[in-house]
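**Student:** Have a look at this one.
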Amino acid sequence: MGWRAAAGDLLLGTACAACLRPWWGLCPGCRTGLRLRTARPAIPEPAPPGFPPTWTTGAYDEPVRRLIIAHKERQAYGLAPVLGELLAVACGQLVRDTGPTWPLVLVPVPSGTAAVRRRGYDATAALARRAARLLRPAGPVRVRRLLRQTRRVHDQAGLDAVARRLNLADSLRVRGPVPGRGSVIIVDDLVTTGASLAEAHRALIMSGVRVAGAATVAATRRMTTNGLMITGGKA
């Protein structure tokens, strides 16, 4: 375990954010495991109308579930580089598989105004900025917060696939000038039923934005025989 882990356990009570073993920050084992994750397509079942081609780095299980919750709900800002790296992996695989036109524009799915106020910052936008920095050696990448909510939506937690689609239907609009060149990648931390990504895709396409696809850190898990990641209907 090492002296740092023991000291953290006995003196400070700190633990690895992923595995909960005594450590400061993210322990080496979890960090290595996360860096070995690769991206694959993610398809909800059933897929909502307008769901974009989406890549993710794996299932929404431990340790990623703990990391996303800690970053989003407990303001663990230090986890943004780790999760942003995973988001960059998903974006990079999308680029390799589909070959979108450069420059790339990462567009985060906007969080609700109340959620941003409660958390103190926009967690998804923070991950997008980190991913963009990691992707820039391959070509020009920037982050644009093109989407805004036009009406109040309910908390998605506990809603099934149909309720999520109804909750988010026609809730997003594009603000500001749209990119004149290149391709947009919609980014989010998690894909569950796909309703958020589908609504973001709809709003962008309606404004004439060229969307290459979407990328997420994780997806709720259900596997098919062909190896694609399928998201669960109520996660």
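Just so you know, all these numbers are worked out from the coordinates, no wet-lab data involved. These numbers were taken from a predicted model, which means no experiment stands behind them. Glycine gets a Cβ as well: all are built from the backbone with ideal geometry, and neighbour counts include every protein chain shown.
**Student:** How do Ser196, Ser111 rank when sorted from fewest to most other Cβ atoms within 10 Å of their own Cβ?
**Tutor:** Ser111, Ser196
**Student:** May I ask for the Rg/Rh ratio of region 32-82, computed from Cα atoms with Rh as the Kirkwood radius, given to two decimals?
**Tutor:** Value, to two decimals: 1.04.
**Student:** Another question, if that's okay. How long is the gain from Arg35 to Gln149 if the chain were fully straight, where each residue apart is worth 0.36 nm and the alpha carbon distance is subtracted?
**Tutor:** Difference between extended and current length: 37.7 nm.
**Student:** Per-residue counts of other Cβ atoms within 10 Å, averaged by peptide: what ranking do you get for 18-29, 55-66, 84-95, highest first?
**Tutor:** Highest-to-lowest ranking by the protection proxy: 84-95, 55-66, 18-29.
**Student:** Let me ask something else. If you average the alpha carbon positions of region 91-108 and of region 182-201, how far apart do those two centres end up, in angstrom?
**Tutor:** 13 Å
**Student:** Fewest to most neighbouring Cβ within 10 Å: what's the order for Ile185, Ile68, Ile43, Ile205?
**Tutor:** Lowest count first: Ile205, Ile43, Ile68, Ile185.
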